[in-house]
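A.B. asks: Have a look at this one.
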Amino acid sequence: MHMADALVSPGVAGVMFACSGIAAGYSIYKVRLEQDQKKIPLMGIMGAFVFAAQMINFTIPGTGSSGHICGGMMLSAVLGPYAGFLTMIGVLLIQGLFFADGGLLALGCNVWNMAFYGCFVGALLIWRPMMRKGATKGRITLASVLGCVLTLQMGAFSVCVETFISGISELPFGAFLAAMQPIHLAIGLVEGLVTAAVLCFLSEARPEVLWGVNHEGEKEGRLSFKNTLIVLAVAAALTGGILALFASAYPDGLEWSMEKVAGTAELEAAGGVYESAAKIQETAAFLPDYALKGSESPIGTSISGIVGALLVVALCVACCFAFRFFRRKELQ
Amino acid sequence: MEQLAKRNQWVCAIHPLVKLFLTVFYIVLAVSFSKYQLAGLLCMLVYPLFVFQLAELSFFGALKRLRIVLPLVCLVGIFNPFFDREIVMWAGPVGISGGVLSMLTLMLKAVFTVLASYLLIATTAMEELCHALSLLHVPKIFIVELMLIYRYLTVLLKEAGRVTDAYRLRAPGQKGIAFKAWGPLLGQLLLRSYDRAEGIYQSMCLRGFKGQFYSARKGGFRRADFVYLLAFTTVLSVLRFLPVAEIVGRLVL
């Protein structure tokens, strides 16, 4: 689900950086409040553990294929949502820089899509309320599977929205969504099962390691399991409403291409949302387009432009070779 | 990467904050080109070309990093020629559609941004990068955590490798880890990491750890840092804001 830098516009990246920054600031504040110096090394080692865990391939029963985990939900169940969120930021930054999985500009988007939903929604809204009455195998499995599936669905939806608003792909929003959501449903299910297996093992071997589990005699929290279900139902209804709105505004890929072949202007009729998105894109665009006076093409790219660009690149390559030649000569 | 970044080489010695700023600046400029501005975007290749040369790094060696990014970007961009069929440019008798142009632009953006990130980490060690982040007032908690993740990444990767090797020896010919072993295998690794963190914390306390690491880097910005920053900022701004490609192309054609 890692988004590359090329998939986001600077405007969208900036907004997502701000959103993730606010969540990170709040997390740092909460971790500092705990005044637990031991937590910092633990966050670092658990971050490294996520990398190690991602290296291990798990056989998916009945398919013959294998996959690996992302680890956001598992981290939160051990470290708590705030420390887990900060750890995931570190993991995503290192993945983006050293493994080319993600990127510097898209870091805000990736943090939001993977860490925010996994840690805040998964741990605070699903894991903690379900563990209020203590951890049983059934509850852990339900919380893990539900948490991973729901947070991955939300993440995949955000990826589609961010790419769409960035204006990167010509693929209709509905078609993109239809491709992304089912894949991540399967991934979420597998991740949920792996997370559940690990957390069940932990609850048997070392239950004190798990975060947010109510041990016997502790006072029950404010948000009951029933209330959590209500919150989740409302969230699901809202998400469904938004999805339906987009689905009704945009036909799927096949319909779209059929209409294109038939020559109807159906796409223009669905202009309300598109125009708003275009306006957002226009105002959020970091830099305006350029075009020479009397340029052959109004879009800013012409054959002479491309020839010119290739010449500039060729000149640079020649300079580099010359530079290398003189340096070698100097060394000799 | 660490060995590359710690070479006795002048680009590696440039202040990390300068390199971090230039990388972000370059990425922002590169992705800010609109989807049809292929010519302008092509000119942005100047930065990676020059820095690869200046830093004495292998350009083609870095291209293998694209194997992770390119499939996803291709998947997103490959549909553009099908949906945007309007001819926007003519190369002699051949009409080029907007979709083809936007697909090429998207792929080039992916290549350029990955190369820029590679150049940053191939010339800047992690401690230097963390030093740059601390100069930007990024909270210490995050910097210490980042350094620890990086430090113990290889340790835990080796440990995970040993665990999977041991499993493979006991279950030959099996693809991946079987369902029944998911919990105990990863759970044991997690508990071992948890205990390791406890030991590391105690060792750090014995060495006087008080919530932050101290950088050994001495000195602030040098003249070379300012020149490097100014030169590349100017070149990149000219390439982004002036239609250099168009002007050169018109002179030739």
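The values are calculated or read from the model by the stated rules, or taken from the named source; none is laboratory data. Quantities reported herein were computed from a predicted structural model and do not represent experimental measurements. Neighbour counts are summed over all protein chains in view; Cβ atoms, including those assigned to glycine, are modelled from backbone coordinates with ideal geometry. Surface accessibility is based on the protein's heavy atoms, side chains included, excluding ligands, DNA and RNA. Shrake-Rupley method; radii C 1.70, N 1.55, O 1.52, S 1.80 Å.
A.B. asks: Fully extended, how many nm does the chain gain between B:Cys205 and B:Arg170 (0.36 nm per residue separation, minus their Cα-Cα distance)?
C.D. replies: Contour length minus the Cα-Cα distance gives 8.6 nm.
A.B. asks: Sorted by accessible area with a 1.4 angstrom probe, largest first, how do B:Thr234, B:Thr113 fall? Each step should come with its number before you reach the end.
C.D. replies: Values: B:Thr234 75, B:Thr113 5 Å².
Sorted descending by solvent-accessible area, the residues read B:Thr234, B:Thr113.
A.B. asks: Please give the net charge around A:Ile69, taking every other residue with its beta carbon less than 15 angstrom from that of A:Ile69, where Lys and Arg add +1 and Asp and Glu add -1.
C.D. replies: Taking every Cβ under 15 Å from that of A:Ile69, the sum is -2.
A.B. asks: Mind listing the phi-derived Karplus ³J(HN,Hα) values for the stretch A:120-128, rounded to whole Hz, using 6.51, -1.76 and 1.60 with θ = phi - 60°, and x for any glycine or proline?
C.D. replies: 7, 6, x, 7, 7, 9, 10, 5, 4
A.B. asks: Can you work out the PRE-style zone for A:Arg324? Point 7 Å along Cα to Cβ, and I want the residues of the stretch B:1-43 with backbone N under 13 Å.
C.D. replies: Within reach of a label on A:Arg324: no residues.
A.B. asks: What residues qualify as long-range amide H neighbours of B:Met89, i.e. H under 5 Å apart, gap of 5 or more or another chain, H built at 1.01 Å from N?
C.D. replies: B:Ile96
A.B. asks: Could you work out, residue by residue across B:195-201, how many beta carbons of other chains sit within 10 Å of that residue's beta carbon, and then give the average as an integer?
C.D. replies: 5
A.B. asks: Quick one: dipole size for the stretch B:139-206, taken about the Cα centre, charges +1 on Lys/Arg Cβ and -1 on Asp/Glu Cβ, in debye to the nearest 20.
C.D. replies: 280 debye
A.B. asks: Between A:Ser9 and residues 5 or more places away or on another chain, which pairs have amide H atoms under 5 Å apart, with H built 1.01 Å from N, and which residues are they?
C.D. replies: A:Ser166
A.B. asks: I want to check the label-to-label distance for B:Asn8 and B:Thr233. Put each point 7 Å from Cα in the C-beta direction and report it in nm to one decimal.
C.D. replies: Taking the two extended label points, one gets 3.2 nm.
A.B. asks: A further question follows. How high is the FRET efficiency from A:Leu185 to B:Leu242, r the C-beta distance, R0 35 Å, rounded to 0.05?
C.D. replies: 0.15
A.B. asks: Can you compute 3J(HN,Hα) from phi for each residue in the stretch B:223-236, using the Karplus curve 6.51 cos²θ - 1.76 cosθ + 1.60 with θ = phi - 60°, rounded to whole Hz and x for Gly and Pro?
C.D. replies: 5, 4, 5, 5, 5, 4, 5, 5, 4, 6, 5, 5, 4, 5
A.B. asks: Please turn the phi angles of the stretch B:6-20 into ³J(HN,Hα) values with the Karplus equation 6.51 cos²θ - 1.76 cosθ + 1.60 (θ = phi - 60°), one per residue in order, whole Hz, x for glycine and proline.
C.D. replies: 9, 5, 7, 9, 5, 5, 5, 7, 5, 4, x, 5, 5, 5, 5
A.B. asks: Next question. Nearest 20 debye, what's the magnitude of the dipole of the stretch A:73-188 about its Cα centre given +1 on Lys and Arg Cβ and -1 on Asp and Glu Cβ?
C.D. replies: 720 debye
A.B. asks: List the chymotrypsin sites (Phe, Trp or Tyr not before Pro) within the stretch B:134-229 that DSSP assigns to loop and that have no more than 13 neighbouring Cβ atoms inside 10 Å.
C.D. replies: Counting only loop positions with at most 13 other Cβ atoms within 10 Å, the chymotrypsin sites (Phe, Trp or Tyr not before Pro) in the stretch B:134-229 are B:Tyr214, B:Phe221.
A.B. asks: Please report the net charge: other residues with Cβ closer than 12 Å to the Cβ of B:Leu133, K and R +1, D and E -1. Working shown, then result.
C.D. replies: Details: positive: B:Lys140; negative: B:Glu127, B:Glu128, B:Glu145.
Here the count lands on -2.
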